[in-house]
1. Around HIS133, which amide H atoms from residues at least 5 apart in sequence, or from another chain, sit under 5 Å from its own amide H, with H modelled in the peptide plane?
2. When a footprinting reagent is the concern and you count Cβ atoms within 10 Å, what order do MET83, MET167, MET27 take, fewest first?
3. With springs connecting C-alpha atoms under 10 Å apart, model the chain as a Gaussian network and identify which of GLY186, GLY104, GLY113 has the largest mean-square fluctuation.
4. Give me THR224, THR123 sorted ascending by neighbouring Cβ count inside 10 Å, so fewest comes first.
5. Post the alpha-carbon centroid distance, region 208-240 to region 129-201, in whole angstrom.
6. Full extension from ASN159 to ALA262: what is 0.36 nm times the residue separation minus their Cα-Cα distance, to one decimal in nm?
7. Under the definition of Cα pairs under 8 Å and six or more residues apart, what whole-number percent is the relative contact order of the chain?
8. In which sequence would LEU140, LEU149, LEU11, LEU238 go, from the one with the fewest C-beta neighbours within 10 Å to the one with the most?
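The numbers here are math on the coordinates, done by the rules we state, and not lab data. All values derive from a computational prediction rather than experimental measurement. Cβ: placed from backbone, ideal geometry, glycine included. Neighbour counts: every protein chain shown.
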Amino acid sequence: MNRLHARMGRLLRTARYSAEAAPFFAMIGVFRLFPLDTASALGGWLGRTILYRTHLSRRARDNLSAALPEMAAPAREDVIRRMWDNLGRTISEYAHLSKLSMKGDRPRIEVTGLEYVEHAVATGKGIIFISAHFANWEVLPLAAAQYGLEGGGVYRPVNNPFVDRWMVRQRRVNGAVELIAKGANGTRRIFTLLRAGKAIFMLVDQKTNEGVAAPFFGRDAMTTPAPAALALKLGAVLLPVSNERLHGAYFRLTVHPAIAYAPSGDHVRDVLELTTRINEEIEASVRRSPSQWLWIHRRWPKPGDMPRSRRGKKAQALAGAGVRAERDGSSLI
């Protein structure tokens, strides 16, 4: 009987996943009927006319109002509409990732700040590229692989396994970097790559209850401590990268100067300070081009949310004791 129940459970899960995935694959099939530029334009239209009218725009308005209170209401609506245009385009471009390249007569990806990459490579240390959900966030690992960097991109598997397998296949086009799923095995692989002087690519702008409370737009946001902890432990170079959609399916990646840091010996304090510096880099990029960032994340905690990890609890206690007020005099600056 238990075997029968288990089998029925698997069948029901498979049926549910199939039903969930069918509309997604149908939509991707439509986008594949068109050339990249047409598909991107169609996705943008769907984003700014249909997705813009969903309840998620309310969350974007709340986030924008709290983060940029000086922005007038009409300007906020323009940012939100352009954000949805970008998200619609990004979804449609998953059907054409193999065509996003920094090579050829009309490269779709241009990169500025390559001198910072070259300097980081010359150190012989591992490199942690930190970015956020800017423009089409799949562009960074694609461009890095085309540039010749070896390493891995960290990702969170999609809840639907059918969609997840398809997404992984798309991300492997153009000789993309290795994909590393979050988790214990992924952490071990990240250590191995960084110790070998390779690169790791991380999006660090989503809320995580296992993180530390670090300031972001003037409010504490639960932030992954992983890049800070890895850099402090392994001496890796931290390179912030922002991405901008120039027009249509054309992008500009900007590599910013490496974040300087010097461990003080107090690891928990150092992790909080360096995580705060990382958030400052992301915030600066968002402020420069607000419509390029995905404002629909639940980025800030609800009242009563607390860190789950031991490191997060210690870091939050330090923050509450006023550690952030000392940041301007820190050796991490």
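1. HN-HN under 5 Å from HIS133: ASP205, LEU294.
2. Working: MET83 24, MET167 19, MET27 16.
So the residues, fewest neighbours to most, are MET27, MET167, MET83.
3. Comparing GLY186, GLY104, GLY113 in a Gaussian network model of the chain, the most mobile one is GLY104.
4. Numbers: THR224 24, THR123 13.
Exposure proxy ranking, most exposed first: THR123, THR224.
5. 18
6. Values: separation 103, 0.36 × 103 = 37.08 nm, distance 3.84 nm.
Contour length minus Cα-Cα distance gives 33.2 nm.
7. 21
8. On the way: LEU140 26, LEU149 18, LEU11 10, LEU238 22.
So the ranking, lowest neighbour count to highest, is LEU11, LEU149, LEU238, LEU140.
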